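Please read the structure below before turning to the comments.
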Amino acid sequence: MQTTNNTPKTPVQTEHVKNLILGSGPAGLGAALYTARAQLEPVVLAGPEYGGQVSLTHIVENYPGFPEAVGGVELTELFKKQAERFGTRVVYDTATEVDLNQRPFRVKAYEKEYLADTLIVATGATPRHLAIPGETEFTGRGVSYCGTCDGFFFKGKEVVVVGGGDYALEEGVFLTRFANKVTVVHRRNELRASVILQERAKQNPRMAFVWDTVLNHIDGNGAVQQVELENIKTGQKEAFKTDGVFIFIGHVPNTQLFTGKLDMDPAGYLVANLHMETSVPGVFAAGEVADPHFRQVVTSAGMGAAAGIQATRFLEDHS
């Protein structure tokens, strides 16, 4: 994420770069690899969440080339090392203000102001959190925000899914491929998901539903073991044993910095075409900041590569 509530320092220096990348997740570092190999000497502003969401994933088993799986932090470091090998410079700073009215684009950060001939936005999207005790503690140890990423680790186990929209049911149905039982906990008495998804979920013998209920806290010893459920109508509380908690209550794209400056969809995701081009020529978007659908490491890295290629071609055409 590239925003903060703190008052930024006055930049002490201005630097002109051919390619500036905001975000250090798979999309940002994937873009850096391609622009670096094109000798654009990219600068990556890592932001306050270095590595993006994958750095919070304990084990990644679905990224090509790692048949024995790889840790999320380790994968991020490998991305970074490869990009740096070709000349990428990763700066641990955060963008605080952008001016896209003319090229070079002006991007202010805490320590420096950048003038960028091309800009790649890869600031990602942040899953909405429940903000309850135990959620942060057990993230990567039973608490997850991606069934596609972590479902395999719950083979033969029982899990809880929090949410009632399309994404919650899609991921919940997917989890039944591995888990023996998937219990959907929803704070309302009816789902918000499409009728087709509701029917598919309710007909699945491995899925169950708990209505009008919220989670108060998540407990365990090294890994998730149970949650406390509370019925919001009756106030009744109960301890519910589970091996995992999957939270699907939506994502927030990290696009606040670009409000009124780049086209967005109603949910706030950047609008980009198949060439990763945004509404401003020379500005490209990659990864979850422009992808509310897939949200995978491999797709984000691929979008980053595409954005890097297009940024290179843009400079070739506008040299």
Filter pass, ASN189 being more than 22 Å from CYS149 (Cα to Cα) and outside any strand (DSSP E or B): yes
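Would you check if ALA311 is of a type outside the set (Val, Ile, Thr), in a helix (DSSP H, G or I) and out of contact with any Gly (no Cβ under 6 Å at 6 or more places or on another chain)? Explain how you work it out, then say what you get.
Working: of a type outside the set (Val, Ile, Thr): yes; in a helix (DSSP H, G or I): yes; out of contact with any Gly (no Cβ under 6 Å at 6 or more places or on another chain): yes.
Criteria met by ALA311.
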Could you list, in sequence order, all residues of the stretch 19-39 that are buried (at least 22 other Cβ atoms within 10 Å of the Cβ) and outside any helix (DSSP H, G or I)? ASN19, LEU20, ILE21, LEU22, GLY23, SER24, GLY25
Give the stretch 255-282 a look and list any residue that's closer than 25 Å to SER55 by Cβ and either at pLDDT below 95 or outside any loop (DSSP other than H, G, I, E, B) (or both), or say none. GLN256, LEU257, PHE258, ALA267, LEU270
Which residue pairs have Cβ atoms closer than 6 Å, lie 6 or more positions apart in sequence or on different chains, and pair a first residue in the stretch 59-79 that is assigned by TED's automatic domain parsing to the domain that holds GLY28 and farther than 17 Å from SER24 by Cα with a second residue that is at pLDDT below 85 and not in a helix (DSSP H, G or I)? ALA69/ILE59; ALA69/GLU61; VAL70/VAL60
Where a residue in the stretch 184-205 is on the phi < 0 side of the Ramachandran plot and without any contact (Cβ under 8 Å) to a residue 24 or more places away in the chain and its partner, wherever it lies, is of a type in the set (D, E, K, R) and surrounded by 14 or more Cβ atoms within 10 Å (Cβ to Cβ), with Cβ under 7 Å and at least six apart: ASN189/ASP212
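The values are calculated or read from the model by the stated rules, or taken from the named source; none is laboratory data. These figures come from a predicted structure and were not determined experimentally. Using ideal geometry, Cβ is built from the backbone for each residue, glycine included, and neighbour counts are taken over all protein chains shown.
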